[in-house]
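Comments concern the structure below.
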Amino acid sequence: MVARQFIISHNDSIFDVDYDTDDGLEDFKKQLFYLTSIPPHLQKITGEDDDRVVSDDSDLTGISNKLKLIKINEEEKEVKVQELAVSRQSEEFGRKIRPYISRVQMYEDPVRQEAARKTVPREEKNPVPSLRNKQNKNHINSINRNKILNSQSLSKGKDRKKKRVKMVARKFIISHNDSIFDVDYDTDDGLEVLKIQLISLTSIPPHLQQITGEDDDRVVSDDSDLTGISNKLKLIKINEEEKEVKVQELIAAVVGRQNEEESIRDILGGDDVSDDSDVVHVSNELKELTVADLMKSDEELAHMLQAEEEALMLQEFAVSEQSEEFGRQIRPYISQVQMYEDPVRQEAARKTVPREELEEKALVSLAKEGNFKPSKTEQDHAFLLQLLFWFKQSFRCFSFLFCFYVGFALKINKILLNKYLVLFMYTAYMCQWLANCFTLYCRAFGYESRLILDFTDHVWTECFSELLGRWMHLDPCAPVFDRPLRYEKGWKKKLNYVIAIAKDGVYDVTKRYTRKWVEVLSRRNITTEPDLLATLHSMTRECRRSFTTQILSVLEERDKIESEELERSLCSTNDSSVSLPGRQSGNKEWRIARSEIGFHDNCSLSHTSCPIRVCVDEHVTKTYNAFSPLLSSCVDQSLPKSRIIEILKIFKGILVELGNSSYKTRRTSINPFILHLLPYFEELINALSLKSEIDTDGKVDICLAADPVTTCLGLPVVLDALDDLINVLNNFDNISKVSLSWPLIKLNRIHSGSVLASGEELPFGIATSAFDGLRTSKWEEPDGARGCWIVYKLSDNQMHKLVAYDIMSANDAPERDPMDWVVEGSHDGGSSWRILDKQTSQMFKDRFQRKSFKINSDSVPCNAFRFQFLAARDVQSNSRLQLGSIDLYASSN
């Protein structure tokens, strides 16, 4: 080992970097990455004096100790490579022909021929598409992808053979932008060959070429059009993205209108809506769309496959000559991921996690969905999500752990480690740090995990979910889970390579994160697809060389399943209605410069990405009811207000002690001096599934009486309710029997209904958070500042007369508070609505402030209630609306 110290200049900064020949250039670039945030594949290292480029380990041996670091501009490099490729026509000719040779040879494969024959309806006459097959279309398309590709190629060959006539030669003069091309055309070749000729001249893929006459703008769509057209033509590049956006917006508008009506029918149980003609109109439009979509599905799939073939052909001569660069970029991450398996690092990670707290939160999250007896698989899935949320919120607290991890990896001394610690504290929110550290945490808790490297500049994690039976996307920067289209649809990223790196192999998972595969292919110019596949297979074999046959068999089966899933995902439309915001990390100017700001969806009652959710909130009603006997007992004994507040604070202290103990064995001892107060809280204790008992020493304890999850669910509700009650009591001069009414006593709270909203923020701002009785949660509508709604339907066809309601402000952002709203009731499942209350210019002065409103109009029994929020407090600089809670109170009869 030989040690050297290099002085490296980059922009206006200078770095001292220790280099050991035992480490090599890759580790050296890795150190520079931590110092400058420039990924290794974009680093260009040269001598400061002679501009000699450092390209391998040997170059570092004979070079001076003063170096320069330059960040390579990938886009400029790509343009130069493509220009160079176009100029080498003689070399390209052979490269363009070779893919066709292998393709033609594939036609002789009996298996492909049989697969092609099976896709042809030989005996079918005038087939009528069936609407019920629509749901299986994506699955069939993805499974038959290769079959259709081969049958398409066979069909074209047969058609050309049948149509072969005497060859006629013509010369076309084709103008494109400021260029003019002379192109020879043979009628024996056809339009497809003409378009392929134009690829080499203009680099425009055939599916984006529009050829028209120069004089009459007549569009050339098939071979026959070329026969009767003049020899002067124009070539125009189609803007596919704008066209696709318009079509998607049109379909989303029509589908959204029906989805809104159907969703409200489902939640309200109504068989009709207020305007039947609109529903019939929407239904007819949808049927026409569905039929047309199905009829075109095979044709569209064939076009997609053809476009994919053409993109692959372009890739053959557009890729960089340094294909081995791809492997050099990936290999450092393989050794990094393998370090996650170190038991020392895993144990260090586990020690920083409040495991029992996250287990409790996982069980509570499942209980809020009505699942009080979850399986082990469901618990593991819920724990993983809580680990993600905790990691994002608590990351600064354990930065020392990751610095230890980095220091160990780079073999640096304690002094240098302290430097990295300072550096890390200032870069704690870089996606590289977050994803690396979070993936280590996932492995520490036994989850099959892998690091996801996006070559455009982002890094995140994937974990295999046994509950979902597939790999799940998790981004600790947001935190967001299971939203793979977040980057392409939300951030508007131009993806190229998305590579998964795990202890058992390296995988190309780009197809999971895109619905524009042909566009992505046009940007994959580091290496060809066959070379990429070979490189990944080689790396995977290296990772698995010590695995047993049994493990290899399991992994191969999982690889096969994932491959099929990735193919299906390209045809999937399941994410079309999911709200995917633009990038949130980084300042706004930086995000705009990168075109990753995204777009705000317009708020509309015709569109909702919020599903119907069931409120599990009976414990909230029991808690509110339990305060009535407590206050009645205090009034009967003529206790002054100060004494009542003192008693409430004592009980709150007992509950806080219980909350700090293990959720599995909650127990706390009662001070003998306050035992006489215990009867006051008997109903509250019962509502929390607690009990009082005497231990062996004669002390009175409060402990669990039933399922600990029930207590976990109710305990924070009681603590928040105690705070609210103390605040209300402080506004009273004296407490008497006259005072024992609403809003001091909150009886007959409506509970266990279903909720639908115009929108919601995942994962912390879902619609049911408006009815869970907690200050720590809220309902947030991302586009609700200028109008949104939330509907609450009673369960089991109950009918209640609404007499009052509360609205509480959320924890932050006063500009998002509701200011104007209308409350409506429906007695017929939502077919008709009646205004019950209207409020304007309401201002919440404090956070967690609760405002109470009585229904003054003659209310009738209803089975559904709707809040139409017309405006938030600030609609100029803010697009969101949020609130802490809504409580609905029914009449006693």
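Would you confirm, using the coordinates I've provided, whether ASP182 is outside any helix (DSSP H, G or I), more than 12 Å from PHE172 (Cα to Cα) and either without any contact (Cβ under 8 Å) to a residue 60 or more places away in the chain or not assigned by TED's automatic domain parsing to the domain that holds ASN525 (or both)? Considered against the rule, which asks whether it is outside any helix (DSSP H, G or I), more than 12 Å from PHE172 (Cα to Cα) and either without any contact (Cβ under 8 Å) to a residue 60 or more places away in the chain or not assigned by TED's automatic domain parsing to the domain that holds ASN525 (or both), ASP182 comes out as no.
When region 653-698 is filtered for residues that are without any contact (Cβ under 8 Å) to a residue 60 or more places away in the chain, surrounded by 11 or more Cβ atoms within 10 Å (Cβ to Cβ) and of a type in the set (Phe, Trp, Tyr), the ones remaining, listed by number, are TYR680, PHE681. When ALA500 is tested against (1) crowded, with 20+ Cβ neighbours inside 10 Å; (2) under 16 Å from GLU567 (Cα atoms), exactly one condition is not met: (2). β-branched (Val, Ile, Thr), assigned to a strand (DSSP E or B) and in contact with a Lys or Arg (Cβ under 9 Å, 6 or more places away or on another chain): does that describe VAL822? Against the criterion (β-branched (Val, Ile, Thr), assigned to a strand (DSSP E or B) and in contact with a Lys or Arg (Cβ under 9 Å, 6 or more places away or on another chain)), VAL822 qualifies. Would it be correct to say that LYS243 is in a helix (DSSP H, G or I), within 27 Å of GLU108 (Cα to Cα) and either at pLDDT below 75 or of a type in the set (Lys, Arg) (or both)? When the stated conditions are applied, LYS243 does not pass them. Just one of the listed residues (LEU747, LEU762, LEU740) is closer than 18 Å to GLU618 by Cα and not aromatic (Phe, Trp, Tyr), namely LEU747. Against the test of being touching a helix residue (DSSP H, G or I) at 6+ places or on another chain (Cβ under 8 Å), outside any helix (DSSP H, G or I) and either at pLDDT below 95 or not aromatic (Phe, Trp, Tyr) (or both), the options PHE391, PHE372, PHE424 yield a single qualifying residue, PHE372.
Please go through region 876-889 and give me each residue that is under 19 Å from LYS845 (Cβ atoms), over 24 Å from the mean Cα position of the chain (by Cα) and part of a loop (DSSP other than H, G, I, E, B), ordered by number. Of everything in region 876-889, just one residue is under 19 Å from LYS845 (Cβ atoms), over 24 Å from the mean Cα position of the chain (by Cα) and part of a loop (DSSP other than H, G, I, E, B), namely GLY884. Does any residue of region 447-457 turn out to be closer than 19 Å to GLN379 by Cα, surrounded by fewer than 19 Cβ atoms within 10 Å (Cβ to Cβ) and at pLDDT 95 or above? Looking through region 447-457, at least one residue is closer than 19 Å to GLN379 by Cα, surrounded by fewer than 19 Cβ atoms within 10 Å (Cβ to Cβ) and at pLDDT 95 or above. Would you call SER633 on the phi < 0 side of the Ramachandran plot, more than 46 Å from the chain's Cα centre (by Cα) and outside any loop (DSSP other than H, G, I, E, B)? Yes, satisfied. If you filter region 787-836 down to residues that are within 33 Å of the chain's Cα centre (by Cα) and among the small types (Gly, Ala, Ser), you find that the one that is modelled with the lowest pLDDT is GLY830. Scanning region 670-723 for residues that are closer than 25 Å to PHE372 by Cβ and among the hydroxyl-bearing types (Ser, Thr, Tyr) returns SER689, SER692, THR710, THR711. The combined condition, being within 21 Å of ASP178 (Cβ to Cβ) and buried (at least 16 other Cβ atoms within 10 Å of the Cβ), is fulfilled by LEU198. Look at CYS437 and say whether it is outside any strand (DSSP E or B) and touching a Cys at 6+ places or on another chain (Cβ under 7 Å). The answer is no for CYS437.
Report yes if some residue within region 464-481 is assigned to a loop (DSSP other than H, G, I, E, B), at pLDDT below 90 and touching a helix residue (DSSP H, G or I) at 6+ places or on another chain (Cβ under 7 Å); otherwise report no.
Looking for residues that are assigned to a loop (DSSP other than H, G, I, E, B), at pLDDT below 90 and touching a helix residue (DSSP H, G or I) at 6+ places or on another chain (Cβ under 7 Å), one finds at least one in region 464-481, hence yes.
The set of residues in region 442-457 being touching a residue at least 60 places away in the same chain (Cβ under 8 Å) and part of a strand (DSSP E or B) consists of SER449, ARG450, LEU451, LEU453. Among the residues of region 751-775, the ones that are in contact with an Asp or Glu (Cβ under 8 Å, 6 or more places away or on another chain) and part of a loop (DSSP other than H, G, I, E, B) come to 11 in all. In region 218-233, the qualifying residues are those that are more than 44 Å from the chain's Cα centre (by Cα) and part of a loop (DSSP other than H, G, I, E, B), and the one that is surrounded by the fewest Cβ atoms within 10 Å (Cβ to Cβ) is GLY228.
On the stretch given as region 334-363, residues that are farther than 30 Å from THR711 by Cα, at pLDDT 90 or above and assigned to a helix (DSSP H, G or I) total 12. Number of residues in region 666-685 that are part of a strand (DSSP E or B) and over 21 Å from PRO716 (Cβ atoms): the value is 1.
The values are calculated or read from the model by the stated rules, or taken from the named source; none is laboratory data. For clarity, every value in this text was computed on a predicted model and none was experimentally measured. FYI the Cβ positions are ideal-geometry reconstructions off the backbone, even for glycines, and counts take in every protein chain you see.
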